[in-house]
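The values are calculated or read from the model by the stated rules, or taken from the named source; none is laboratory data. Here the structure is a predicted model, which is why all the values come from computation and not from measurement. Cβ: placed from backbone, ideal geometry, glycine included. Neighbour counts: every protein chain shown. Please note that ligands, DNA and RNA were not included when accessible areas were found on the heavy atoms of the full protein model with its side chains. Shrake-Rupley method; radii C 1.70, N 1.55, O 1.52, S 1.80 Å.
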Amino acid sequence: MIKIKWGFYIFLLPVILWLFLLIVLPQIDLFINSFRVVNDFKDTTTWGFGNYKSFFSDSVYWYTFVKTAIYSIITTILTFLLTFPVAFFITKVVSNKYSGFLALLLLMPFWVGELVSVYGWMILLRESGVINYFLLDIGVIHKPLHLLYNNASMLIGLVYMSMLFMIVPIMSSLEGLDDSLIEAASDLGASKFTIITKIVIPYAAPGITSGSIIVFMLVLGDYLTPDLLGGKNSLWFTEQIYNEFIASFNWNQGSAFGFLLLALSSFIIWIALKVTKQSLEKAVS
Amino acid sequence: MDNILEVSHISKSFKDRTIIKDLNFTVKEGDFFSILGPSGCGKTTLLRMIAGFLEPTNGKVFIRGKDMTGIPPNKRPVNIVFQSLALFPMMNVKENIAFGLRRRKFKKQEINDKVSSMLERVGLEGYEKKSVTQLSGGQRQRVAIARSLVLEPSILLLDEPLGALDRKLREHMKIELKLLQAEIGTTFIYITHDQSEALVMSNQVAVMNNGNFDQLDIPKNLYKSPSTSFVAGFVGETNKFNITTEVIDDNEITIKTKNGWKLNKQCNNTENYKYLFIRPESVILKPEKELRDISRFTIKVKTILFDGSDTKISALVENTKEIMLISLPQNAQFEDVVVGDEIEAAVHHDDLKCYKE
């Protein structure tokens, strides 16, 4: 018995160390820092809510904060709408022979990494890019369109980068769906629409919930895609945090922003779980 | 009584494989109609065509005289109880049963009334709020049947619904289903590979083999006078022998089995037979001297297969290599039968079932 216990602790140790040294300790440090207010000359330090106050006093922070939240929610919803039919198709419509191959195709974009994918989108969307070239060539337009560096291009990139994280949990919960449930619903008089809304979606709800949480948090904390595809006007909240840490060297202010973002994401997820009556335990298990 | 279902020259092929071949039958209103067959005989395909999940390649299905061609499952007056039951796990008992009623836009009060009276009928009063995942196998069964019956279908189709239950519960549900059907009077079409289920519950049984019915009859006739060797072998337990026959005169033949057993049978048929079937319980042990129209022989007990009222012996027919199963009545006369005993035995000529193919 003692041997088994030792083995258990030895395997647990890396996890504990990882959690404690890389997550808990830095977070505590940042949390303490977020209450440290320095003056402009960085020579006196006082303690208080000054860093949090400056967030509420400057409207650009506010605006960025709300915009980030709204666009993250929109991205999550769009990702769900785009991936759900695909997940249903792969798991329930095509035969098992092809579903593995199709799932592999979904993985492909992630072999090249986020940066390369984003540059791929830039090549497509920029003024001298593939889409503009094609449209000019067939004569639909006479001047190149500004497709890049706006909210739409940012959304495209964010949705594209998020799809896999939504589709995998949905597929795994749909795989358990017995075809006879769909047939039974149809037999009892349900239309196709009713079958989707009353049977398939409720059945896949835990997968949808966990997919949505993952996508929402990833998008909310994403930096690269909003910065490269949204351009200077993207005003993503992570950019503000980056600016505080790197450009202004104001780690205290940056920490406060970081905790505000954490509070925001927790709050939105909590609200969403309450509204949809889903439980976090079910979604992560 | 009217025919509620008419299946007219129906056939079904998948690619180059023909599953159902030109099948033709009718079902009377209020019948408990069973389709009995081994797995892969096409019975589920037939059921799915009646339910509307599959369209027949040829032929038509009529329900109450109405052609069902092209009508989807959700518009047909039939409901199906699936083998897996297919209860909706995210809904409770009431929501499951109310699902079909909601689709038909019944009023809320009406739905509540129908659901509770249906639950009462299947013996699950007060189970409305229970989650279907908490129910036992038999209760889930009843919910699945209630969910279909509440829509008052013309025909209820049941696709081996007792298959997943353990033996004891299956025996119990068999009787319960039969009583329920008798009480509500809905036509049941019941699919099974278990001959006992079919024989116990049904008024009419169709034995299906290779995409067609070998015999459609009442259970008793099916057992007593099977029309083909497949039915004889599939329905009930039986001993099968490969035989050749010789005609003695106009009303007697000699049957010779492959392993050297010879016996006579009186019949006025002079054709050549290939198979002989003898049911274990049609062998008479220690027959009285004055019995007529029987073939007598001696057996030697090899094993006793004790199973209560269903006890059998495996015995060697003397002077041959034929082994057959014989029912051993559990009464005082045969209580002390032991392995190695030699017993006089006989079979009535009518119980020697011979088939040409």
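Only one of A:30, A:25 is part of a helix (DSSP H, G or I), surrounded by 10 or more Cβ atoms within 10 Å (Cβ to Cβ), touching a helix residue (DSSP H, G or I) at 6+ places or on another chain (Cβ under 6 Å) and aliphatic (A, V, I, L, M); which? Exactly one residue qualifies, and that residue is A:30.
Residue A:87 falls short on exactly one of the conditions (1) at pLDDT below 90; (2) surrounded by 13 or more Cβ atoms within 10 Å (Cβ to Cβ), and that condition is (1). The single condition among (1) within 26 Å of residue B:49 (Cα to Cα); (2) within 13 Å of chain A (Cβ to nearest Cβ); (3) not in a strand (DSSP E or B) that residue B:178 does not meet is (2). Scanning the stretch A:191-212 for residues that are touching a residue at least 24 places away in the same chain (Cβ under 8 Å) and either of a type in the set (Ser, Thr, Tyr) or facing chain B (nearest Cβ under 7 Å) (or both) returns A:203, A:209, A:210, A:212.
Look at residue B:263 and say whether it is in a strand (DSSP E or B) and free of Cβ contacts under 8 Å to residues at least 24 places away in the same chain. The answer is no for residue B:263. Residues of the stretch B:214-235 that are in contact with a helix residue (DSSP H, G or I) (Cβ under 8 Å, 6 or more places away or on another chain) and more than 15 Å from residue B:352 (Cα to Cα): B:214, B:215, B:219, B:222, B:234, B:235. When residue B:113 is tested against (1) free of Cβ contacts under 8 Å to residues at least 60 places away in the same chain; (2) at negative phi; (3) within 13 Å of another protein chain (Cβ to nearest Cβ); (4) not small (Gly, Ala, Ser), exactly one condition is not met: (3).
Give me a count of the residues in the stretch B:182-208 that are in a strand (DSSP E or B) and open to solvent by 40 Å² or more (accessible area, probe 1.4 Å). Looking only at that region, the number is 1. Taking the stretch A:122-237 as the region of interest, the helices (runs of 4 or more DSSP H) fully inside it that hold 3 or more residues being open to solvent by less than 30 Å² (accessible area, probe 1.4 Å) and modelled with pLDDT of 90 or more are A:151-175, A:179-187, A:201-220. Within the stretch A:155-190, the residues that satisfy the criterion of being within 14 Å of chain B (Cβ to nearest Cβ) and aliphatic (A, V, I, L, M) are A:174, A:177, A:181, A:182, A:184, A:185, A:188, A:190. Is there a residue in the stretch B:119-130 that is open to solvent by 30 Å² or more (accessible area, probe 1.4 Å), within 14 Å of chain A (Cβ to nearest Cβ) and either polar (S, T, N, Q) or closer than 19 Å to residue A:198 by Cα (or both)? No, the conditions are met nowhere in the stretch B:119-130. The C-beta contact set for the stretch A:137-165 (first residue hydroxyl-bearing (Ser, Thr, Tyr), second residue open to solvent by 30 Å² or more (accessible area, probe 1.4 Å), distance under 8 angstrom, 6+ apart or interchain) comprises A:149/A:232; A:149/A:233; A:153/A:121; A:153/A:147; A:160/A:109; A:160/A:121; A:162/A:218. The set of residues from the stretch B:188-206 being closer than 15 Å to residue B:216 by Cα and hydroxyl-bearing (Ser, Thr, Tyr) comprises B:190, B:192, B:202.
Scanning the stretch B:232-244 for residues that are outside any loop (DSSP other than H, G, I, E, B) and open to solvent by less than 20 Å² (accessible area, probe 1.4 Å) turns up B:232, B:239, B:241, B:243.
Out of the residues in the stretch B:209-224 that are assigned to a loop (DSSP other than H, G, I, E, B) and in contact (Cβ under 8 Å) with a residue 60 or more places away in the chain, state the one that is most open to solvent (accessible area, probe 1.4 Å). Applying the filter and picking the extreme gives B:210. Being of a type in the set (Phe, Trp, Tyr), within 28 Å of residue B:143 (Cβ to Cβ) and open to solvent by less than 60 Å² (accessible area, probe 1.4 Å) holds for only one residue in B:62, B:53, and it is B:53. For the stretch B:174-183, the condition of being within 14 Å of the chain's Cα centre (by Cα), within 24 Å of residue B:74 (Cα to Cα) and at pLDDT 90 or above holds for none of the residues.
The single condition among (1) in contact (Cβ under 8 Å) with a residue 40 or more places away in the chain; (2) open to solvent by 80 Å² or more (accessible area, probe 1.4 Å) that residue A:17 does not meet is (1). Among the conditions (1) among the hydrophobic types (A, V, I, L, M, F, W, C); (2) outside any helix (DSSP H, G or I); (3) modelled with pLDDT under 90, residue B:158 misses just one, which is (3). Scanning the stretch B:76-102 for residues that are open to solvent by 20 Å² or more (accessible area, probe 1.4 Å), touching a residue at least 12 places away in the same chain (Cβ under 8 Å) and either more than 9 Å from chain A (Cβ to nearest Cβ) or among the basic types (Lys, Arg) (or both) returns B:77, B:92, B:94.
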